[in-house]
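All remarks here apply to the structure that follows.
Any read-out appearing in this document is the output of simple, stated calculations on the displayed coordinates, not a laboratory observation. The shown structure was predicted, so the numbers you read here are calculated from the model rather than taken from an experiment. Methodologically, a virtual Cβ is constructed for each residue, glycine included, from the backbone with ideal geometry; neighbour enumeration extends over all protein chains shown.
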Amino acid sequence: MVTMTDDQRAVLAHVVTDPDGWLAHAVDALGEAGAQSALEAKVSRWQADYLAALADEGGAYRPRAKREE
């Protein structure tokens with residue numbers, strides 16, 4: 001079973017509106033091993049951007065779902 005850490009979920013929520021839905025879709029499409037690799041790649045790709053946004057916005061940071069409301 002593929003699981004996300006809280007940190008991975010936060011980074012993923014920076015770029016997708018539904019991190020759990022994204023992971024479920026990845027598992028359906030790629031299988032568990034592929035989904036784990038895709039998760040790690042996506043988090044690696046967006047982590048620096050997430051951390052920069054978090055620092056820039058401080059307490060006002062909102063994940064993508066909240067930004068799109």
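Fully extending the segment from ALA55 to ASP18, taken as 0.36 nm per residue of separation minus the present Cα-Cα distance, adds 11.1 nm. Once the Cα atoms are used to define both axes, helix 6-15 deviates from the longest principal axis of the chain by about 80 degrees. Helix 19-57 and the longest principal axis of the C-alpha atoms of the chain enclose an angle of approximately 20°.
Could you give the length gained on full extension between ASP6 and ALA33, defined as 0.36 nm per residue of separation minus the Cα-Cα distance, in nm? It would help to have the intermediate numbers written out before the result.
Numbers: separation 27, 0.36 × 27 = 9.72 nm, distance 1.96 nm.
Taking 0.36 nm per residue and subtracting the Cα distance, the gain is 7.8 nm.
For the chain, the fraction of C-alpha pairs farther apart than 20 angstrom is 27 percent. Mean-square fluctuations from a GNM of the chain, with a 10 angstrom spring cutoff on Cα atoms, peak among GLY34, GLY58, GLY21 at GLY58.
For TRP46 and GLU69, what is the calculated FRET efficiency with R₀ set at 22 Å and r taken between the beta-carbons, to the nearest 0.05? According to the calculation, E is roughly 0.60.
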